[in-house]
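The values are calculated or read from the model by the stated rules, or taken from the named source; none is laboratory data. In this text the structure is predicted, and so the values were computed from the model without any measurement. Positions of Cβ are backbone-derived with ideal geometry, glycine not excepted, and every protein chain shown enters the neighbour counts. Protein only, heavy atoms only, side chains kept; ligands, DNA and RNA dropped before computing areas. Shrake-Rupley method; radii C 1.70, N 1.55, O 1.52, S 1.80 Å.
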Amino acid sequence: MEQQTLPITMKSEQRRSKSSKSFQTSKPSLVMAFFSCLAWLYVAGRLWQDAENRTLLASLLKKNLAQRPKMLTVEDKLTVLGCKDLQRRIVEAEMDLTLAKSQGYLKNQLKQSGSDPGKKLLAVIGVYTGFGSRLKRNVFRGSWMPKGDALSKLEERGIVIRFVIGRSANRGDSLDRNIDEESKVTNDFLILDGHEEAQEELPKKAKFFFSAAVQMWDADFYVKVDDNIDLDLEGLIELLQSRRNQESAYIGCMKSGEVVSEEGKPWYEPDWWKFGDEKSYFRHAAGSLLVLSKNLAQYIYVNSASLKTYAHDDTSVGSWMMGLQATYIDDSRLCCSNTRQGM
């Protein structure tokens, strides 16, 4: 029995010895594998960090390149210089045009006026009228305003008088046709084709009148008159002759007055808040009769597109004069109390 069990014992011992040897040999391998994993993780981390750094550097480089001034080629420089030169020439042309207008360039003047191009007029008098004022016009023609041959003789003295009217809101209707027919008979109208004849458009009428008058006639003065006064024509001519050498003359019955801020009341001013806490208009010539010298009328013509209008034509004209070196001439003879009012 002893001989039979001995080999078994020896075999089990051999197995134990082999397993202990294999464990001893695998231990260094595990350590090496562990360090290999650490090395792999380190290398992978460095590679990932390097990739992030490269991405960051690339973005910074891209931003710097975008901020750096672009290198212009010779063709680019020539294009830029050409654009600047063209812009300069456009500005110079606009300045020359404005200067020409301000110094007396009058569009279609000789063609439209029909007057002697070598003779300068003393005054152009525009009498505001409306579609329903034919009876008033007939009264005017029979009182202070000449008609027919007498009107032509007055023009030889240097005085042009015209009734000033715009066009109907419905262009070409009976209102326009009646004015055209009357104008053919009397030949004493200045028709403002670009202006709509309406009560709410009255402040803009001054811009159209002075602009049209300056283009059609070369005169020392341009006079706006309402159709509710009986004008002393000879007295006005005498006054204008005495002021003929007056530059930048703004002549009229100078006044001021309260700004009406309550909507619905007569003379309501929508822009009342612009006139300060006292709500008082600035000094201006009364609208019944006001006179502008040639250069002031030309200023309105040149800048008509940008001039602000208020609720009334006289305050609108007064606001345009405030920004200029205008000479204000307050003449009491032009006040309503001294004009033969009663129409």
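Search the range 327-339 for residues that are closer than 17 Å to F282 by Cα and at pLDDT below 90 and pair each with any residue that is crowded, with 16+ Cβ neighbours inside 10 Å and among the polar types (S, T, N, Q) when their beta-carbon atoms are under 7 Å apart and the residues are at least 6 apart or on different chains.
none
Exactly one of (1) closer than 20 Å to L289 by Cα; (2) modelled with pLDDT under 90; (3) buried (at least 19 other Cβ atoms within 10 Å of the Cβ); (4) of a type outside the set (S, T, Y) is unmet by Q199. Its number?
Among (1) closer than 20 Å to L289 by Cα; (2) modelled with pLDDT under 90; (3) buried (at least 19 other Cβ atoms within 10 Å of the Cβ); (4) of a type outside the set (S, T, Y), the lone unmet condition for Q199 is (3).
When the range 222-263 is examined, which residues are found to be within 15 Å of I159 (Cα to Cα), of a type outside the set (A, V, I, L, M, F, W, C) and open to solvent by less than 10 Å² (accessible area, probe 1.4 Å)?
Y222, K224
Checking G194 against (1) open to solvent by less than 10 Å² (accessible area, probe 1.4 Å); (2) part of a strand (DSSP E or B); (3) not β-branched (V, I, T): exactly one of these is not met. Which one?
The failed condition is (1).
Within the range 134-181, restricting attention to residues that are acidic (D, E) and in a helix (DSSP H, G or I), which residue is surrounded by the fewest Cβ atoms within 10 Å (Cβ to Cβ)?
Applying the first criterion (acidic (D, E)) to the range 134-181 yields 149, 155-156, 173, 176, 180-181.
Keeping just the survivors that are in a helix (DSSP H, G or I) gives 149, 155-156, 176, 180-181.
Numbers: D149: 8, E155: 19, E156: 10, D176: 19, D180: 12, E181: 10.
Of everything passing the filter in the range 134-181, D149 is surrounded by the fewest Cβ atoms within 10 Å (Cβ to Cβ).
Can you spot a residue in the range 268-287 that is modelled with pLDDT under 80, of a type in the set (K, R), part of a loop (DSSP other than H, G, I, E, B) and out of contact with any Lys or Arg (no Cβ under 9 Å at 6 or more places or on another chain)?
yes
Residues in the range 214-235 that are part of a strand (DSSP E or B) and over 20 Å from K294 (Cα atoms): how many?
Total meeting the criteria: 2.
Scan the range 192-205 residue by residue and report those that are in contact with a strand residue (DSSP E or B) (Cβ under 6 Å, 6 or more places away or on another chain) and within 18 Å of K136 (Cα to Cα).
Within the range 192-205, just E197 meets the criteria.
Only one of these conditions is not met by F131: (1) over 30 Å from R243 (Cβ atoms); (2) surrounded by 21 or more Cβ atoms within 10 Å (Cβ to Cβ); (3) of a type in the set (A, V, I, L, M, F, W, C). Which number is it?
(2)
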